[in-house]
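Quick notes on the structure that follows.
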Amino acid sequence: MEQIKTNSPNEKLPFKVKLGYGLSGYCSFIAWTAFSYYGLYFFTDVVGISAAFAGAMISLGTLWDAITDPIVGSISDNIKSPKGRRRPLIIGVALPFFFIAVLLFTNWGFSETVSKVYFVIIVLLYYTAQTVLDISASALGSEMTLDYDERASLATYKNYFGLCATVAISPTLVLVAYFGGWFKNSDYGWSMTIALYMLVALLFIFILWRTTKGYERHRGDESSKFSPKDIAELLKTKPARIVMLIFGIAIFSNTINYAVQVYYYTNYIGLTEGQIATVTLVFGVVSVAMAWVTDRLMQGLSKKAAWVIAVGLEGIVLIVMVGMIIQPGASIGMVYALAILMSLGNAAVYQVPWAMIPDCVDVHELKTGKRIDGVVFGIVAFVQKASGAIGAALLGTILTFIGYSDAAVQSAETLSGLKNVYGFLVGGLYIIAVLIVFAYPLSKARHDRVVEAIQERASGKEVDASEFKDLF
């Protein structure tokens, strides 16, 4: 039986534990990033499935993913194991996740009808395995420490390796060509490339599992059964409402941001595919470095201040540079400057909310007496994925509205529309998310008092709920 540590509110985690936990970012993001970038292309150009069906299949998977997030969170909350609540799921899903991810990029040469059935099943299995790993790892981080700054540090390590996964997939097409030539079958190149990425993920999952041994604060023998009432109670807490709102707006904006970049760079600026790839790589690499800057802002100032500075900067940069300064045919140097200035916000959009969520779990526990880390992370993940799906769905409508076509040269009105969408719409949404976060009531001192009150109640002392009316 593993010895489960009981963490004090201000316990500092060893470096190797935080590093091992941070590897979950790569494990969760590597297959997801590869699928986000190349999934549709693989289905249409390699397998030969129609674009309409492939898009619908991915949308179905995203919907399934969002629905299963709270369910998986509830399951993980109620596992009763001497090895903890989250780690058995993490190690248990490792091998299935590896094989499913490889099968997701394997073309067996079936007929189109059989391929459609096969990939619908694999897509649903992939999103299920992805959810089990990501929700379990996220909830594990919430339980490893009660310390406000240590939670920010854990979120930083995870986000750092998640951003590294984005950089890691940059040579995908080169590796596909290499392995395809090796096997004299280009289709096998896809399977081998994803297998290579996932072998690294397997190793990282094992390291994560080993280094976090004994650091689950709860054994899982508490009563944490999920009911729809838990969602209502969570939404009654002010910190959770604000985090879900700013995260949803930012992810909606991010989805449009990422997707519209290629149209803006290609048509408005006139960059080549090679130049766009280089700009994207610079953006990813600098974003990795900005994860540590975000961490310093969270610990040196506060999580709210980090959000205001980082996301606010990205919003201002987009409005001023894209909306007002950059003109059609601008130099690539200007585009590099834009990418670098946006990178701090790009890191913070995921990092700061995931650092805030464990604090929201504590507020919910103080209010209800129930600790449901997995469910809370699942609900927030649902908000994240639903916002992204809405953003992706609306982008096509937006492009149609501004008159975009597949013609080689776009009209002046369309170019102006691309500028306005990328600069004013995306930038404006980031600014709205910044304005909302000013109402976020949890500082480090306030959170420490919440944890103290939970412990007082556990020891039998009376806690005056009116002291926390600003949170409830």
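The values are calculated or read from the model by the stated rules, or taken from the named source; none is laboratory data. The shown structure was predicted, so the numbers you read here are calculated from the model rather than taken from an experiment. Cβ atoms come from the backbone with ideal geometry, glycine included; neighbour counts cover every protein chain shown.
Restricted to segment 364-383, and to residues that are charged (D, E, K, R) and over 11 Å from E233 (Cα atoms), which residue is surrounded by the most Cβ atoms within 10 Å (Cβ to Cβ)? Show your work before the answer.
Pass one, segment 364-383, residues charged (D, E, K, R): 365, 367, 370-371, 373.
If we keep only those that are over 11 Å from E233 (Cα atoms) as well, we get 371, 373.
Values: R371: 21, D373: 28.
Here the residue is D373.
Mind listing whichever residues of segment 271-296 are over 18 Å from the mean Cα position of the chain (by Cα), touching a residue at least 24 places away in the same chain (Cβ under 8 Å) and farther than 30 Å from S416 by Cβ?
If the condition is that a residue be over 18 Å from the mean Cα position of the chain (by Cα), touching a residue at least 24 places away in the same chain (Cβ under 8 Å) and farther than 30 Å from S416 by Cβ, then V293 is the only one that fits.
Looking at (1) modelled with pLDDT of 90 or more; (2) not in a helix (DSSP H, G or I), find the lone condition where N10 falls short.
(1)
Which ones in segment 305-324 are surrounded by fewer than 23 Cβ atoms within 10 Å (Cβ to Cβ) and either in contact with a Pro (Cβ under 9 Å, 6 or more places away or on another chain) or not assigned by TED's automatic domain parsing to the domain that holds L425 (or both)?
none
I'd like the full set of residues that are part of a helix (DSSP H, G or I) and over 20 Å from the mean Cα position of the chain (by Cα), limited to segment 298-308.
Taking segment 298-308 and keeping what is part of a helix (DSSP H, G or I), we get 298-300, 303-308.
Passing the criteria: Q299, G300, A305.
Among the residues of segment 240-252, is there at least one that is in contact with a Gly (Cβ under 8 Å, 6 or more places away or on another chain) and modelled with pLDDT under 95?
Within segment 240-252, the first condition is being in contact with a Gly (Cβ under 8 Å, 6 or more places away or on another chain), and the residues that meet it are 251-252.
Then keep just the ones that are modelled with pLDDT under 95; that gives 251-252.
Within segment 240-252, one or more residues are in contact with a Gly (Cβ under 8 Å, 6 or more places away or on another chain) and modelled with pLDDT under 95.
If I filter segment 44-73 down to residues being buried (at least 19 other Cβ atoms within 10 Å of the Cβ) and over 19 Å from the mean Cα position of the chain (by Cα), which single residue comes out as nearest to Y21 (Cα to Cα)? Can you show your working first?
Initial filter on segment 44-73 (buried (at least 19 other Cβ atoms within 10 Å of the Cβ)): 47, 49, 54, 57-58, 61, 65-66, 68-70, 72-73.
With over 19 Å from the mean Cα position of the chain (by Cα) added as a condition, the list becomes 47, 49, 54, 57.
Values: V47: 36, I49: 38, A54: 34, M57: 32 Å.
Only one residue fits best here, namely M57.
Specify the residue that is surrounded by the most Cβ atoms within 10 Å (Cβ to Cβ); the eligible residues are those in segment 325-363 that are under 30 Å from S443 (Cα atoms) and over 21 Å from the mean Cα position of the chain (by Cα). Reasoning before the result, please.
Looking only at segment 325-363, we keep the residues that are under 30 Å from S443 (Cα atoms), and these are 340-363.
So of that shortlist, the ones also over 21 Å from the mean Cα position of the chain (by Cα) come out as 362-363.
Numbers: D362: 25, V363: 23.
Looking at residues that are under 30 Å from S443 (Cα atoms) and over 21 Å from the mean Cα position of the chain (by Cα), I get D362.
Among the residues of segment 177-195, write down those that are aliphatic (A, V, I, L, M) and either over 12 Å from A34 (Cα atoms) or touching a Cys at 6+ places or on another chain (Cβ under 6 Å) (or both). Spell out how you get there, then give the answer.
So the first thing to find is which residues in segment 177-195 are aliphatic (A, V, I, L, M), and the list is 177, 192, 194-195.
Once the filter is applied, which keeps residues that are aliphatic (A, V, I, L, M) and either over 12 Å from A34 (Cα atoms) or touching a Cys at 6+ places or on another chain (Cβ under 6 Å) (or both), segment 177-195 yields A177, M192.
Can you tell me which residue is modelled with the lowest pLDDT among those in segment 447-472 that are touching a Pro at 6+ places or on another chain (Cβ under 9 Å) and not in a helix (DSSP H, G or I)?
D470
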